[in-house]
C-alpha cells in the first residue's frame, strides 16, 4: 500500500505537468511511447514469447500512429475514436461470455492482438483531440484522465471497506459493487469541482455529470477486459514496471476505454 501511494505521488505530478503544459506535438509521441509499452506487455499476455516476435508486433501500432500524425491530423482522428467506441460496445458484450477466447490457438492469439490496436490507437487519437482543443484543451484532457484516476482510488477504498458482493467473479474476483459505486461517487465529485472551476450553469453541469458517469462506467469495461485477458493467460499483473501498481497496461486499461467515450460525449453533450 505504501509503495503504491509513493509511486502515485511521484508519477501523478509528472503526468499532470505534461498534460497541462506540454504542447500537443510533444505530448503525443510521449503518450505513444507509453502506449507501446502497454502493447509490449499485452503481447506477452496473449502468448507471444520471443523478444523478436513481440518487437515485431510493435510495428503496426507505430506505423498507424505515425501515419495518422503525418497525414490524418485532424480529419481522420474522429473516425479512429468512433471505431474505438464501437469496439468497447463489443467488449461489453464479450464480458458476459468470458469463456470466449480462452483457448490458446493461433487464431485466438491473432484476434487478441488485433484487439489491442482498437484499444491503443483510438485512445491516442482521443487524447490528441482533447488536448488540441483551443478552449481549455489541456484542462479537458487532464479531466478525462482524472476521471479514471479518482474512480480507481474511490473504488479501491470503498471496495476495501464495504466490498462483499463481487462485480464480476468469473473475470476479476477482487472487484466489487461497492468499489463500482465508490468510483462513481468520487468521479462525480470531481465533475462538480470541474463545473465550478469552469463556471457552468445547471444544464452544463448536469451534462458534465452525465458524461462523467458514463465515462467512468465504460472505463470499468476497459479494466475488466484486461482482467479477462490476464485470466486467460493465468497472470496476476501485466508486468512489474511500476512499483505497487503492476505493469503499465494495468494503469492504462481503463483509460483505453474512457478517452474515446469521453470525447464522443463531449461532442454531443458539452
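Points to keep in mind about this one:
- Across region 39-53, a minimum of one residue is classified as farther than 30 Å from residue 171 by Cα and over 16 Å from the mean Cα position of the chain (by Cα).
- Hey, residue 184 closer than 20 Å to residue 119 by Cβ and under 19 Å from the mean Cα position of the chain (by Cα) or not: no
- Test: residue in region 196-209 that is surrounded by 18 or more Cβ atoms within 10 Å (Cβ to Cβ) and under 12 Å from the mean Cα position of the chain (by Cα): no
- A single member of 217, 224 is touching a strand residue (DSSP E or B) at 6+ places or on another chain (Cβ under 8 Å), assigned to a helix (DSSP H, G or I), surrounded by 16 or more Cβ atoms within 10 Å (Cβ to Cβ) and at pLDDT 95 or above, and it is 224.
- Test: residue in region 244-254 that is on the phi < 0 side of the Ramachandran plot, under 18 Å from the mean Cα position of the chain (by Cα), surrounded by fewer than 20 Cβ atoms within 10 Å (Cβ to Cβ) and in contact (Cβ under 8 Å) with a residue 60 or more places away in the chain: yes
- Residue check for residue 165: closer than 16 Å to residue 149 by Cα and without any contact (Cβ under 8 Å) to a residue 24 or more places away in the chain: no
- Looking at 251, 231, 165, just one residue is within 30 Å of residue 114 (Cα to Cα) and in contact with a strand residue (DSSP E or B) (Cβ under 7 Å, 6 or more places away or on another chain), and that residue is 251.
- Matching residues, region 42-68, being in contact with a helix residue (DSSP H, G or I) (Cβ under 8 Å, 6 or more places away or on another chain), farther than 25 Å from residue 125 by Cβ and surrounded by fewer than 16 Cβ atoms within 10 Å (Cβ to Cβ): 53
- For region 233-254, the criterion of a residue being modelled with pLDDT of 95 or more and within 21 Å of residue 101 (Cβ to Cβ) is satisfied by at least one position.
- Within region 195-212, the set of residues being without any contact (Cβ under 8 Å) to a residue 60 or more places away in the chain and under 19 Å from residue 138 (Cβ atoms) comprises 195, 196, 197, 199, 200, 211.
- Within region 97-114, not a single residue is under 17 Å from residue 260 (Cβ atoms) and in contact (Cβ under 8 Å) with a residue 12 or more places away in the chain.
The values are calculated or read from the model by the stated rules, or taken from the named source; none is laboratory data. Predicted model, so just to flag it, every value in this text is computed and none were measured. Reconstructed Cβ throughout: ideal geometry from the backbone, glycine too, with neighbour counts over all protein chains shown.
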